[in-house]
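No lab work stands behind these numbers, since they all come straight from the coordinates. Given the structure is predicted, the values throughout are model-derived calculations rather than measurements. Note that each Cβ is placed from the backbone with ideal geometry, even for glycine, and that neighbours are counted across all protein chains shown.
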Amino acid sequence: MAEPLVDQVLRKIGEARKLYHRLILIVGPTGSGKTKVLQEISATTSAVLPLQPM
């Protein structure tokens, strides 16, 4: 079974903490759920995630 996208992003955030550069880009086509994933992460972690649409 595939790992849910929210879990994948949270795992990558955890991995990024160990790196010198901690930038994580969420990219995908329109309607792929990027904003929804970040909103779910923000709700579950109480983190404020600035959204920078490109």
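Of note:
- Among P4, I26, Q39 the positive-end extreme of the charge dipole of the chain (Cβ point charges): I26
- Treating r as the C-beta distance of V27 and E3 and R0 as 22 Å, the FRET efficiency rounds to 0.75.
- The range 5-22 - phi-based ³J(HN,Hα) in whole Hz, Karplus 6.51/-1.76/1.60, Gly and Pro as x: 4, 4, 5, 4, 5, 4, 5, 5, 4, x, 5, 5, 4, 8, 9, 5, 9, 10
- Overall form of the range 5-45 per C-alpha gyration tensor (a/c, 1.5; a/b vs b/c): oblate
- Calculated [θ] (222 nm, deg cm²/dmol) that DSSP helices of n ≥ 4 give over the chain, each run adding -39,500 (n - 2.57): -14000 deg cm²/dmol
- For K34, a cut-off of 18 angstrom between C-alpha atoms picks up these aspartates and glutamates, skipping any fewer than 8 places away in its own chain: E3, D7.
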